[in-house]
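The values are calculated or read from the model by the stated rules, or taken from the named source; none is laboratory data. All of these numbers come straight from a predicted model, not from anything done at the bench. Neighbour counts run over all protein chains shown; Cβ positions are idealised from the backbone, glycine included. Side chains included, ligands, DNA and RNA excluded: accessible areas come from the protein's heavy atoms. Shrake-Rupley method; radii C 1.70, N 1.55, O 1.52, S 1.80 Å.
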Amino acid sequence: MADETTEEYALTGDLTGEALRQALIGTWELVSYSVEERDTACLVPAMGEAPRGRVIFTSDGWVAFNLEGEGRVPAHTDEDRAALLQTLVSYIGRFRIEGNAWITQIETAWVPEWVGSEQKRFVSIIDDIANVTTPWRHMPNWAPDKLTRSLIRFRRIV
């Protein structure tokens, strides 16, 4: 469920529909990933100060995400492997555009509960920067009992 603030953030760019679809095609590098808690308005750099990742949009309608928090190191135990899931967002699916948002039909994901779901992302693109906002939701990685939204910034690299 999106609120006015989410939509205001996303509407700072003026691309919608097919113009937005064409502008998204390519490879984007993760610049920042923050999470806002709805109840407290607390803004947290959930993926750290130097996250890394890519999102790739193809001209035939696919999107692939792989976003990682900073400081990830190889796992040596099952506990280590479980902890790594808290600093990862990864999924692939078909996308479509509706207004100033893209919606992905998730086909594979780092968490099984997202497979088969639709994920909506509001986006504004200014020059080579894309500002992305999720609707308010319960995110499996952080504060799963609270409503949060992600505020994500990407820079076009291809």
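So, in the stretch 131-156, how many residues would count as being part of a strand (DSSP E or B) and within 11 Å of the chain's Cα centre (by Cα)? Let's see the steps before the verdict.
Of the residues in the stretch 131-156, the ones part of a strand (DSSP E or B) are 131-133, 137, 148-156.
Next, from what is left, pick out any that are within 11 Å of the chain's Cα centre (by Cα): 131-133, 149-154.
Total meeting the criteria: 9.
Name the single residue, out of those in the stretch 97-111 being over 20 Å from Val132 (Cα atoms) and among the β-branched types (Val, Ile, Thr), that is modelled with the highest pLDDT.
Among those that are over 20 Å from Val132 (Cα atoms) and among the β-branched types (Val, Ile, Thr), it is Thr108.
Being in contact with a Pro (Cβ under 9 Å, 6 or more places away or on another chain) and farther than 23 Å from Gln22 by Cβ is the filter here; which residues of the stretch 107-153 pass it?
Correct list: Trp110, Val111, Glu113, Trp114, His138, Arg149.
Which residue is nearest to Leu15 (Cα to Cα), if the candidates are limited to the stretch 107-129 and must be loosely packed, with under 15 Cβ neighbours inside 10 Å and of a type in the set (Gly, Ala, Ser)?
Ser117
Which count do you get for residues in the stretch 86-106 that are more than 26 Å from Gln22 (Cβ to Cβ) and open to solvent by 60 Å² or more (accessible area, probe 1.4 Å)? Explain how you work it out, then say what you get.
We begin by selecting, within the stretch 86-106, every residue more than 26 Å from Gln22 (Cβ to Cβ); these are 86-88.
In the following step, the residues that additionally are open to solvent by 60 Å² or more (accessible area, probe 1.4 Å) were identified as 86.
Matching residues across the stretch 86-106 total 1.
Among Asp39, Asp60, Asp78, which is more than 12 Å from the chain's Cα centre (by Cα), surrounded by fewer than 16 Cβ atoms within 10 Å (Cβ to Cβ) and under 23 Å from Ile103 (Cβ atoms)?
Asp60
Looking at Ala83, Ala50 in this structure, which one is in contact with an Asp or Glu (Cβ under 9 Å, 6 or more places away or on another chain) and surrounded by fewer than 14 Cβ atoms within 10 Å (Cβ to Cβ)? Outline the logic, then answer.
Numbers: Ala83 fails: in contact with an Asp or Glu (Cβ under 9 Å, 6 or more places away or on another chain).
Sole residue among the options that is in contact with an Asp or Glu (Cβ under 9 Å, 6 or more places away or on another chain) and surrounded by fewer than 14 Cβ atoms within 10 Å (Cβ to Cβ): Ala50.
Could you check the stretch 130-141 and list, in sequence order, the residues that are under 19 Å from Ile56 (Cα atoms) and either open to solvent by less than 10 Å² (accessible area, probe 1.4 Å) or of a type in the set (Gly, Ala, Ser) (or both)?
Initial filter on the stretch 130-141 (under 19 Å from Ile56 (Cα atoms)): 130-134.
Scanning the stretch 130-141 gives Ala130, Val132, Thr133, Thr134.
Give me the pairs, please: first residue somewhere in the stretch 121-137 and basic (Lys, Arg), second residue anywhere and part of a loop (DSSP other than H, G, I, E, B) and open to solvent by 20 Å² or more (accessible area, probe 1.4 Å), beta-carbon distance under 8 Å, and either six or more positions apart or on two chains.
Listed pairs, sorted by first residue: Arg137/Met1; Arg137/Leu147.
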